[in-house]
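Novice: Let me begin by handing over the structure; questions about it come next.
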Amino acid sequence: NAGVTQTPKFQVLKTGQSMTLQCAQDMNHEYMSWYRQDPGMGLRLIHYSVGAGITDQGEVPNGYNVSRSTTEDFPLRLLSAAPSQTSVYFCASSSGTGTYEQYFGPGTRLTVT
Amino acid sequence: DAKTTQPNSMESNEEEPVHLPCNHSTISGTDYIHWYRQLPSQGPEYVIHGLTSNVNNRMASLAIAEDRKSSTLILHRATLRDAAVYYCIVYNQAGTALIFGKGTTLSVSS
C-alpha cells in the first residue's frame, strides 16, 4: 500500500491564482480530512469527509472547497489564493472515528506571494 | 471533543524513560485518548490510543488514570529519533476528525 499520497510536495502561487491540492489513499478508508499547519502551530481542520459524496466544514474552511466523488480521492481547491493561505497542508484518512487510527500524508508546502 | 492540556516542552536524555502527561478533565465515557507525534518536516504519525485500560505497543505505553481525567504517554527508552511534537487528543466515536492542540515538544539529548 502507498498509504496517503499528496501532490505536489511544494507549490508557489501568486495572489489570486487558483489551484488544487491532491490527496489519495489506497486503504479504502471512508474518513478523509484536510488540515493546515502554520509555523510553530498545531494542525487546524479545514474540511473533512465521512464518505463519497459527503463533506463538511472544519475549523478554518474559508477560502477552500472540497469534493469527494470517489472513496480514494479528496482534493482541496483554493479558489483565489491569498498570502494568509501560506502554510503546510496535510491530508489524513481513517476507517472511522473513536478507536480508529488516522494516517497522514507527507504534506504540501504552499507559499502564496 | 474534550479539550486537553499538555506542557509546552519537555527534555530527556537518550536511553532514559520519558513520561509525557496530558490532562483531559472534561472527557466523556465514550471518548478515546489518542497520541500522535510529528517529527520535523513530516506529517503526524499515530503512536497509541486507549479507552480505559493501560495499553502497550512497540512504540510506547499509555497509562490512563482511573478517573480518566489524565493520561501519560511513556517512552521506555528515548532515542534521538523520538525528538518530536507529541499531541494528546481526545476523540469521540461520533467525532468528525482529530482536533489538535499545540502538543508537547520533546527534546532528547545524547
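Novice: Cα-based Rg of chain A per 2.2 N^0.38 Å, rounded to two decimals? Working shown, then result.
Specialist: Working: Rg = 13.2 Å, N = 113, 2.2 N^0.38 = 13.3 Å.
My calculation over the Cα atoms of chain A gives 1.00.
Novice: Give the cross-link partners of residue A:9 among the lysines, using a straight C-alpha distance below 27 Å as the criterion and excluding same-chain residues fewer than 8 apart.
Specialist: Straight-distance partners of residue A:9: B:102.
Novice: Continuing with the same structure: Once amide H atoms are placed 1.01 Å from N in the peptide plane, what residues at a sequence separation of 5 or more from residue B:92, or on another chain, have their amide H within under 5 Å of its amide H?
Specialist: HN-HN under 5 Å from residue B:92: A:98, B:32.
Novice: How many percent of DSSP beta bridges within the protein assembly as shown run antiparallel, rounded to 5?
Specialist: Looking only at bridges with both residues in the protein assembly as shown, the antiparallel portion is about 85 percent.
Novice: Counting just the Cα atoms, what span does the range A:25-73 cover along each of its three principal axes? Round to the nearest Å and put the largest first.
Specialist: Ordered largest first, the range A:25-73 gives principal extents of 32, 21, 12 Å.
Novice: Counting only other chains, what is the mean number of Cβ atoms within 10 angstrom of the Cβ of each residue in peptide A:40-46?
Specialist: Other-chain Cβ atoms within 10 Å of each residue's Cβ, averaged: 5.
Novice: Starting from the alpha-carbon convex hull of the protein assembly as shown, give the projected area averaged over all orientations, in nm².
Specialist: For the Cα atoms of the protein assembly as shown, the hull's average projected area reads 12.0 nm².
Novice: Quick one: if you stick a label point 7 Å off each Cα along the C-beta vector at residue A:99 and residue B:80, how many nm between them?
Specialist: 4.0
Novice: Between residue A:27 and residue A:60, 0.36 nm times their residue separation minus their Cα-Cα distance comes to what? Could you put the intermediate results ahead of the total?
Specialist: Numbers: separation 33, 0.36 × 33 = 11.88 nm, distance 2.66 nm.
Between residue A:27 and residue A:60, full extension yields 9.2 nm more.
Novice: Also: With a cut-off of at most 11 other beta carbons within 10 Å, and DSSP calling the residue loop, which trypsin sites (Lys or Arg not before Pro) in the range B:1-87 qualify? Please list them. All intermediate terms of the calculation are to be shown ahead of the outcome.
Specialist: Values: sites: B:3, B:37, B:58, B:68, B:69, B:77, B:81; in loops: B:3, B:58, B:68, B:69, B:77.
Sites meeting the loop and neighbour criteria: B:58, B:77.
Novice: Here is a further query. So if R0 is 35 Å, what FRET efficiency would residue A:73 and residue B:11 give, r being the distance between their Cβ atoms, rounded to the nearest 0.05?
Specialist: 0.25
Novice: With a 1.4 Å probe and every protein chain left in place, tell me how much accessible area residue A:69 has, in Å² to the nearest 10.
Specialist: 110
Novice: Under 15 Å Cα-Cα from residue B:3, which aspartates and glutamates qualify once same-chain neighbours fewer than 8 residues away are excluded?
Specialist: Reachable aspartates and glutamates: A:59, B:31.
Novice: At R0 = 30 Å, how high is the FRET efficiency between residue A:109 and residue A:52 if r is their beta carbon distance? Nearest 0.05 is fine.
Specialist: 0.60
Novice: Please list, ordered by chain and number, the residues whose modelled amide H lies under 5 Å from the amide H of residue B:105; skip anything fewer than 5 residues away on the same chain.
Specialist: Residues meeting the criterion, in which the H sits 1.01 Å from N, are B:9, B:10, B:86.
The values are calculated or read from the model by the stated rules, or taken from the named source; none is laboratory data. Since this is a predicted model, take the numbers as computed values, not measurements. Quick reminder, even Gly has a Cβ in these numbers, built from the backbone with ideal geometry, and neighbours come from all protein chains shown. Note: areas computed on protein heavy atoms with side chains; ligands, DNA, RNA excluded. Shrake-Rupley method; radii C 1.70, N 1.55, O 1.52, S 1.80 Å.
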